[in-house]
Amino acid sequence: MADLVAGAAIGLPFTALYEVIKEVVVKTTMFKPLLEDLEKKMDSLKPLIDEIDKYNKVLDRKEKELRDFKLQMENGASLIPKCSKVRWWHICKKYKYTNQLVGLESSLQSLYNILNVQAARDVKETLVEVKDIRTDVHRIAENFGVHNQKTDLVHGWGAVPVGAPFTVGVDEPLRELKIKLLKDEKVSMLVITAIGGCGKTTLAIKFCEDCEVKDKFKDNIFFVTVSKKSDGLVVQELYQRMGSNIPILQSKVDVDKWLQKFLIGVGKNPVLFVLDDVWPESESLLQKFDDFKLPNSKILVTSRFQFPRFGTQLCLKALNVEDAMTLFKHSASLGDRSSYVSEDIIREIVEHFKESPLAITVVGRSLCGKSAESWLKRASALKGASILNSEAALIDGLQSSLDALNEEDPILKECFLDLGSFPQDRRIPAAALIDMWAELYKLKDFESIANLHELSTRSLANLLIIR
């Protein structure tokens, strides 16, 4: 490890952190998945650190440019040893250090992005006439001014999600969507609006999967879940979809510059952007896409809110009774006769949730395989309540399924709540959950895996099988 990184400018703190990770990762099982991820992250940083350290020496750069990086390394070296002292009964410390380790990994990724662009800047500013450097600069220019990472891992960012295997009531709105957005050359942006859980995202995915749409846009389809993300983070995800990293965008000027550059880069051919779950706070992002749009671009927006300033509106209607009944029976697996329930009871429950396919699916799965008495109890509890006509009422309806989960299996509910301890919109390694639940609830591996599948069947978690 003495020569892991050439030079002492940033080599010493890097080496210290790397060694302490290697030492602790073999001593503890509690944080092993997170520590292994950190170790891989350090391995990916090594070539960039070598390069920056080398050019800083050539150009006599001051060490203060790397001060933030050194501080992160030193803080990490102090944090890691504490993890080896945590025992299974230290629940608070476990959560605390888990969050800090996740934060450290996030900081390393941010620093990686910053250093990546710094390396590009340093190379451009030098008069060092080396063939390899000229090649790097040429590659940077071709990839929107950033270093391009040729890895399959980034294709998950901005890629179209896998659609639901069973849907109802989508054909008619999909046909209308294609007429308005795909075939009308005058329409460049369309906003799908409805309350939460009504199938806006499902319709957007179906649109992306349509043969006519794929034939027109080919691989030039970008799907980004906006939610409460900053404009800068959305732009970063678009670049990651192309396999590129850019610096953290903190100013409006930077966001505008990088977004415009991206749109120009991909707009040579027909391109489709899907901005999913857009909130009023992101109206400025819609304005940017509208300002920088190109003749070949189409923009599809899904939101609980209407944006009359931008493009055409498509308001999703509630499912009709027939489609709602079909979806509910499918979700409750009534076709296999696992439980006998009268049509009147089914219709009575569906009437309270027919506004939302999501609510129908969740409630149906919560009743799957239950006795007729359980169905009657649920229907009886809904009597006297008004049909769901607001998001607040919808949330109350979904809450009843969570309450039922608590009654049936309190530990399973706690496992579901544990998912909230991890960063939003990020994959959670199954091994990390298995280790956590083994310590917290004394669950065996197969019991934890069974809980993951149970949460998935209840639409409370999405399982991703990596092949």
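Among the conditions (1) surrounded by 15 or more Cβ atoms within 10 Å (Cβ to Cβ); (2) at pLDDT 85 or above, Glu322 misses just one, which is (1). Restricting attention to region 325-352, the residues that are among the polar types (S, T, N, Q), under 33 Å from the mean Cα position of the chain (by Cα) and surrounded by fewer than 19 Cβ atoms within 10 Å (Cβ to Cβ) add up to 2. The set of residues from region 360-375 being surrounded by 15 or more Cβ atoms within 10 Å (Cβ to Cβ) and not aromatic (Phe, Trp, Tyr) comprises Ile360, Thr361, Val362, Val363, Gly364, Arg365, Ser366, Leu367, Cys368, Lys370, Ser374.
The number of residues in region 69-98 being at pLDDT below 75, loosely packed, with under 14 Cβ neighbours inside 10 Å and touching a helix residue (DSSP H, G or I) at 6+ places or on another chain (Cβ under 9 Å) comes to 5. When Val224 is tested against (1) part of a helix (DSSP H, G or I); (2) touching a residue at least 12 places away in the same chain (Cβ under 8 Å); (3) not basic (Lys, Arg), only condition (1) is not met. Taking the criterion of being of a type in the set (A, V, I, L, M), surrounded by fewer than 20 Cβ atoms within 10 Å (Cβ to Cβ) and in contact (Cβ under 8 Å) with a residue 12 or more places away in the chain, the only residue of region 243-256 that qualifies is Ile248. Exactly one residue among Val301, Val274 is out of contact with any helix residue (DSSP H, G or I) (no Cβ under 6 Å at 6 or more places or on another chain), surrounded by 22 or more Cβ atoms within 10 Å (Cβ to Cβ), modelled with pLDDT of 90 or more and under 21 Å from Lys214 (Cβ atoms), and that residue is Val301. Only one of the numbered conditions (1) at pLDDT below 85; (2) touching a Leu at 6+ places or on another chain (Cβ under 8 Å) is violated by Gly335, and that is (2).
Restricted to region 401-436, and to residues there that are surrounded by 17 or more Cβ atoms within 10 Å (Cβ to Cβ), of a type outside the set (A, V, I, L, M) and more than 20 Å from Val102 (Cβ to Cβ), the residue that is modelled with the highest pLDDT is Lys413. Could you please find all residues in region 227-246 being farther than 12 Å from Phe262 by Cβ and among the charged types (D, E, K, R)? The answer is Lys228, Lys229, Asp231.
Could you check, for region 236-251, whether at least one of its residues is closer than 24 Å to Ser303 by Cα, of a type in the set (Ser, Thr, Tyr) and either assigned to a loop (DSSP other than H, G, I, E, B) or modelled with pLDDT of 90 or more (or both)? Among the residues of region 236-251, not one is closer than 24 Å to Ser303 by Cα, of a type in the set (Ser, Thr, Tyr) and either assigned to a loop (DSSP other than H, G, I, E, B) or modelled with pLDDT of 90 or more (or both), which makes the answer no.
The values are calculated or read from the model by the stated rules, or taken from the named source; none is laboratory data. The model shown is predicted, which means the values in this text are computed figures rather than measured ones. Counting neighbours? That spans all protein chains shown, and the Cβs are built from the backbone with ideal geometry, glycine included.
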